[in-house]
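J.: Quick one: structure below, then a few questions.
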Amino acid sequence: MSTIHVSAEENRLREQISEIGRAFRNLALAPGTSGNISAKCEDGWLMTPTNVSLGEIDPAAIAKLDWDGNHLSGNKPTKESFLHRAFYDARAEAGGVIHLHSTHASAVSCLKGLNAESCIPPITPYFVMRVGRLPLLPYFRPGDPGMGEAIRAHAAKHKAILLANHGPVVSGATLTDARNAMEELEETARLMLMLNQHDINTLDNAQIDDLRHHFNADW
């Protein structure tokens, strides 16, 4: 691999990916070597390496790829890179993508009887504002490229997707936006599981429309 120039902005993104990975690990949202984080940069995109704990990411080891899929620098990227690429292809505004096997969202992904078009109800205004409708994709074997195609079919209209029996994938205009949306999704999944034996008072259409008007919520 040839030596390539690393800009100040790319170095900042590498450090931010490492910091977010440590934060997720400390919050017990990224067990073992699960989960992956990516970010768009000026001349390609950065992707966390394969088989590395998110809590132990060396910024210099983060893989860099071009938009033709060529590996430019860093260690070998995760085998689930195509999940991230699907979001970047479908959402021009996406600047960061995060995939976790976080406990509560993954637990929700295993439940029967979910609404595949929006599998977590509008329990809080923050879920509506930061995550929006959350489609549930059917089960795919980890590493199955078909999962990327299924994400691509939904990502233009949805910033987050839940993979059945697997976990969430979330995009954001920036890495910070993606991080905040992921944490909000996990917290709302926890609330949903806590309320599972109770009737839930969700936001109604008028309340959701109000959030659209004041906060540009995408629901």
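The values are calculated or read from the model by the stated rules, or taken from the named source; none is laboratory data. Keep in mind it's a predicted model, so treat the numbers as computed, not measured. Every residue, glycine as well, gets a Cβ built from its backbone with ideal geometry; the counts of neighbours run over all protein chains shown.
J.: Could you tell me whether the stretch 176-184 includes any residue that is out of contact with any strand residue (DSSP E or B) (no Cβ under 6 Å at 6 or more places or on another chain) and either modelled with pLDDT under 95 or not in a helix (DSSP H, G or I) (or both)? Talk me through it step by step, then tell me what you get.
T.: Within the stretch 176-184, the subset out of contact with any strand residue (DSSP E or B) (no Cβ under 6 Å at 6 or more places or on another chain) is 176-177, 179-180, 183-184.
Imposing the further condition that a residue be either modelled with pLDDT under 95 or not in a helix (DSSP H, G or I) (or both) reduces the set to none.
No, there is no match, as no residue in the stretch 176-184 is out of contact with any strand residue (DSSP E or B) (no Cβ under 6 Å at 6 or more places or on another chain) and either modelled with pLDDT under 95 or not in a helix (DSSP H, G or I) (or both).
J.: Please state which of the following conditions Ser38 fails to meet, knowing it meets all the rest: (1) polar (S, T, N, Q); (2) farther than 16 Å from Gly172 by Cβ; (3) crowded, with 22+ Cβ neighbours inside 10 Å.
T.: (2)
J.: Among the residues of the stretch 117-134, is any free of Cβ contacts under 8 Å to residues at least 60 places away in the same chain and over 23 Å from Ala217 (Cβ atoms)?
T.: no
J.: Next up: State all residues of the stretch 198-211 that are of a type in the set (D, E, K, R) and either closer than 22 Å to His84 by Cα or outside any helix (DSSP H, G or I) (or both); if no residue qualifies, say none.
T.: Residues satisfying the conditions are Asp199, Asp204.
Residue-wise test of (1) of a type outside the set (Asp, Glu); (2) under 13 Å from Phe127 (Cα atoms); (3) part of a helix (DSSP H, G or I); (4) modelled with pLDDT of 95 or more.
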| site | (1), (2), (3), (4) |
| --- | --- |
| Tyr139 | yes, no, no, yes |
| Gly143 | yes, no, no, no |
| Gly146 | yes, no, yes, no |
| Leu162 | yes, no, no, yes |
| Asn165 | yes, no, no, yes |
| Pro168 | yes, no, no, yes |
| Leu193 | yes, no, yes, yes |
| Asn196 | yes, no, no, no |
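Residue by residue, here is whether (1) in contact with a Ser or Thr (Cβ under 8 Å, 6 or more places away or on another chain); (2) surrounded by fewer than 18 Cβ atoms within 10 Å (Cβ to Cβ) holds:
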{"site": "Thr188", "(1), (2)": "yes, no"}
{"site": "Met192", "(1), (2)": "no, no"}
{"site": "Asp199", "(1), (2)": "no, yes"}
{"site": "Asn205", "(1), (2)": "no, yes"}
{"site": "Asp209", "(1), (2)": "no, yes"}
{"site": "Ala217", "(1), (2)": "no, no"}
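J.: Hey, could you check the stretch 151-180 for residues that are of a type in the set (A, V, I, L, M) and surrounded by fewer than 19 Cβ atoms within 10 Å (Cβ to Cβ) and say which is nearest to Leu111 (Cα to Cα)?
T.: Ala164
J.: Please tell me if Met47 is buried (at least 23 other Cβ atoms within 10 Å of the Cβ) and either over 30 Å from His5 (Cβ atoms) or of a type in the set (A, V, I, L, M) (or both). Show your work before the answer.
T.: Values: buried (at least 23 other Cβ atoms within 10 Å of the Cβ): yes; either over 30 Å from His5 (Cβ atoms) or of a type in the set (A, V, I, L, M) (or both): yes.
Spelling it out, Met47 is indeed buried (at least 23 other Cβ atoms within 10 Å of the Cβ) and either over 30 Å from His5 (Cβ atoms) or of a type in the set (A, V, I, L, M) (or both).
J.: If you don't mind, another one. Can you name the residue in the stretch 1-18 that is acidic (Asp, Glu) and closer than 21 Å to Phe87 by Cβ and, of all such residues, is surrounded by the most Cβ atoms within 10 Å (Cβ to Cβ)? Working first, answer last.
T.: So in the stretch 1-18, the residues acidic (Asp, Glu) come out as 9-10, 15.
Okay, now just the ones that are also closer than 21 Å to Phe87 by Cβ, so 9-10.
Working: Glu9: 11, Glu10: 21.
Residue satisfying both the conditions and the ranking: Glu10.
J.: Quick test of your reading of the structure: Thr124 fulfils all but one of (1) farther than 22 Å from Arg22 by Cβ; (2) among the β-branched types (Val, Ile, Thr); (3) crowded, with 20+ Cβ neighbours inside 10 Å. Name the failing condition by number.
T.: For Thr124, the failing item is (3).
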